[in-house]
Amino acid sequence: MTVVNSATEAAPVMTDGVRCAVADSFSQWRTLVSQSFVPLEVRSASRTFHGTLRSRVLDELSIVEVSANGHQVLRTPTLIAASTRQYFKLNLQLSGTGLLVQDNREATLRPGDLAVYDTNRPYTLEFDQDFRTLVLMFPHDALDLPAESVGQLTAVRLPGDAGLGRLISPFMVQLAENLDVLSGASGHRLAYNAVDLVATMFESELNLRRDPVAGAHGDLLGRIRSYVDARLGDPELCPASIAAAHFISTRHLHNVFHEADSTVASWIRTRRLEHCRRDLRDPILTDRSVGTIAARWGFVDAAHFSRIFRTAFGETPSTYRRA
């Protein structure tokens, strides 16, 4: 077994915004992989190697097509400790077979299959033979789902021929084959639409896995959250109006959220902030002021919005937009 710890960098080529880099040695491959994703340890028993990375980076989202000889990558506790940003990676197996291990689970991936894993926890990804895969890497906070919920799905095979996988797998294949199209404002939005589709698939899978004896509160919470999401732009949205719309008391409403370790107010605020954050980075909306975007999602007081945005994300909305 060969473990690579030093490298001579392969020179990438940029065409139509797509970065293409070819490695003809393990040393080159380790450098390419760590630069394109997060730092990883690379292992293989072979003394010859060839691999290609085609990638498109849009804001903090990366779409990378990987074609290579069989090898193994490991995300170790030491490498994790040196990282500051937390990402999810979604793999779509295009050819060959892969084995993903994380959180005491294993997923064997065949062409068309999808699986998610978290760069903030150790994982191993192994390919015995030549393979091709598409990797969608995005920050935890780009996904409209709690990271702990997604953690229930790490290293779980999501088949591309069943459920929502039948819709999302072909869409991801088209992304892999059309990286050059993902340019400008429309490309940025399309890439984040892919993340939204992934979130929908995850939420569907989590709903299927929930214990049905969790009872009416679980179903009620889901209905309430959907109701809130559809009305985030209404500045009058409040516990009283939400409770009335669901024919329950405000006390009962607060109890439902308490069981989910949350509050009504924090849920509304978080969802509004997430939408504002997304809009502030959307190139199509550059002509809209920060105040307009804030008002679009129910924040009528610009100064108040700026304060809570800074508390949530560590910088003002204007600074975040310019980054």
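The values are calculated or read from the model by the stated rules, or taken from the named source; none is laboratory data. The structure displayed is predicted, hence computed values, not measured ones. So basically every Cβ, Gly included, is an ideal-geometry build from the backbone, and we count neighbours across all protein chains shown. When the accessible area is computed, the model is the full protein with side chains, heavy atoms only, and any ligands, DNA or RNA have been set aside. Shrake-Rupley method; radii C 1.70, N 1.55, O 1.52, S 1.80 Å.
What to note about this one:
- Computed over the Cα atoms of segment 140-289, pair by distinct pair, the Kirkwood hydrodynamic radius stands at 17.6 angstrom.
- Inter-site label distance for Ser183 and Ala81 at 7 Å from Cα along Cβ, in nm: 4.5
- Cα-projected label distance for Ala303 with Asp24, points at 7 Å along beta-carbon direction, nm: 6.5
- Using a probe radius of 1.4 angstrom, the carbon and sulfur fraction of the accessible surface of segment 105-259 is 51%.
- The alpha carbon radius of gyration of segment 1-117, expressed as a multiple of 2.2 N^0.38 Å, is 1.06.
- Ordering of 154-165, 260-271 by burial proxy (mean other Cβ atoms within 10 Å per residue, highest first): 154-165, 260-271
- Bins of 10 Å, starting at 0 and running to the largest distance - Cα pair percent for segment 207-323: 12, 40, 28, 17, 3
- Positive dipole terminus of segment 185-323, leading residue within Asn193, Ala312, Ser262 (C-beta point charges): Ala312
- Multiplying the residue separation of Asp161 and Val57 by 0.36 nm and subtracting their alpha-carbon distance yields 34.6 nm.
- Long-range Cα-Cα pairs in the chain (distance over 27 Å), rounded percent: 50
- Given their separation in residues at 0.36 nm each and the Cα-Cα distance between them, Asp128 and Ala265 gain 44.4 nm when the chain is fully extended.
- Between helix 165-177 and the chain: long-axis angle, C-alpha atoms, 0 to 90°, nearest 10: 50
- Once the Cα atoms are used to define both axes, helix 216-230 deviates from the longest principal axis of the chain by about 90 degrees.
- Among Leu285, Leu53, Leu182, residue whose mean-square fluctuation peaks in a GNM of the chain (springs only between Cα atoms under 10 Å): Leu285
- By average C-beta atoms within 10 angstrom, highest first, the peptides 102-114, 77-89: 102-114, 77-89
- Karplus-derived HN-Hα couplings along segment 122-127 (A = 6.51, B = -1.76, C = 1.60, θ = phi - 60°), whole Hz, x at Gly and Pro: x, 8, 10, 10, 10, 10
- Averaged over its residues, the chain has an accessible area of 48 Å² per residue, based on protein heavy atoms and a 1.4 Å probe.
- Angle between the chain longest axis and helix 264-280 axis [Cα atoms, degrees, rounded to 10]: 50
- Here the simple spin-label model places points 7 Å from the Cα toward Cβ, and for Met14 and Arg110 these points are separated by 4.1 nm.
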